[in-house]
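Please read through the structure below; I'll follow up with questions.
Just so you know, all these numbers are worked out from the coordinates, no wet-lab data involved. The shown structure was predicted, so the numbers you read here are calculated from the model rather than taken from an experiment. Cβ: placed from backbone, ideal geometry, glycine included. Neighbour counts: every protein chain shown.
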Amino acid sequence: MDRMLYVYIGFVPMFIVFMLVSLKKLRDNSALKIALSVTLPFAAFGVFNRTPEAAMFSGAFIQVISYACLRLLFKRKYHFEPTYNRSGWYDAEDGRRQNWFDVLVFIIPLMLSFVLPLVIIILKYKFLFTDK
């Protein structure tokens, strides 16, 4: 299989998780548990596969776990769910204004889901393909 195909296919679960977060489907703890249990095998495949580019499969798990942690911190501080309205600072569905922590709860997991798999790819290249 082409190595870049791993990268392209690895973006699919990341995009699905991003859409679930954006559409507020992961606001429930049981939905988060299901998302973690579905993305964990992808992450394990990505990390333990000898092809370095397969590490992109771990991006969805990184996104779910980081979102869950930031959501927990947000709920402990504000006692309600974080929201993210891309077109404005007011969310009509929740009836409240967004703050910067709302935005960070959604942006940081997205950024980490791209950056950390790339770090894993670099480390795999360094340790798997170096002359010893």
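Quick check on the exposure proxy: order Ser37, Ser66, Ser113 from fewest to most C-beta atoms within 10 angstrom.
So the residues, fewest neighbours to most, are Ser37, Ser66, Ser113.
What aspartates and glutamates could a cross-link reach from Lys126, if we take a straight Cα to Cα line under 15 Å and drop same-chain neighbours fewer than 8 places away?
Counting by Cα, and skipping residues close in sequence, Lys126 has these aspartates and glutamates nearby: Glu53.
Within 10 Å of each candidate Cβ there may be at most 14 other Cβ atoms; applying that plus a DSSP loop requirement, which trypsin sites (Lys or Arg not before Pro) in the range 42-81 survive?
Answer in residue order: Arg50.
Could you tell me how far the Cα centroid of the range 72-132 sits from the Cα centroid of the range 1-60, in Å?
The distance from the Cα centre of the range 1-60 to that of the range 72-132 comes to 14 Å.
Using Cα pairs closer than 8 Å and at least 6 residues apart in sequence, work out the relative contact order for the range 1-128, in percent.
Worked out over the range 1-128, it gives 28 percent.
Quick one: which residues, 5 or more positions from Arg96 or on another chain, have an amide H under 5 Å from its amide H? H modelled 1.01 Å from N in the peptide plane, none for Pro or chain starts.
Asp91
Tabulate in residue order the Karplus-calculated ³J(HN,Hα) for the range 22-27, using 6.51 cos²θ - 1.76 cosθ + 1.60 with θ = phi - 60°, rounded to whole Hz; enter x for Gly and Pro.
Couplings: 5, 8, 6, 7, 9, 7 Hz.
If each DSSP helix of 4+ residues adds -39,500 (n - 2.57) and the sum is divided by the residues in the chain, what number results at 222 nm, nearest 500 deg cm²/dmol?
Calculated from helices alone, the mean residue ellipticity at 222 nm is -23500 deg cm²/dmol.
Turning to a different aspect of this structure: Can you pull out the chymotrypsin sites (Phe, Trp or Tyr not before Pro) in the range 10-84 whose DSSP state is coil and whose Cβ has at most 16 other Cβ atoms within 10 Å?
Qualifying residues, ordered by number: Phe80, Tyr84.
How much net charge surrounds Ile16 when only other residues with a Cβ under 15 Å from its Cβ are counted (Lys, Arg +1; Asp, Glu -1)?
+2
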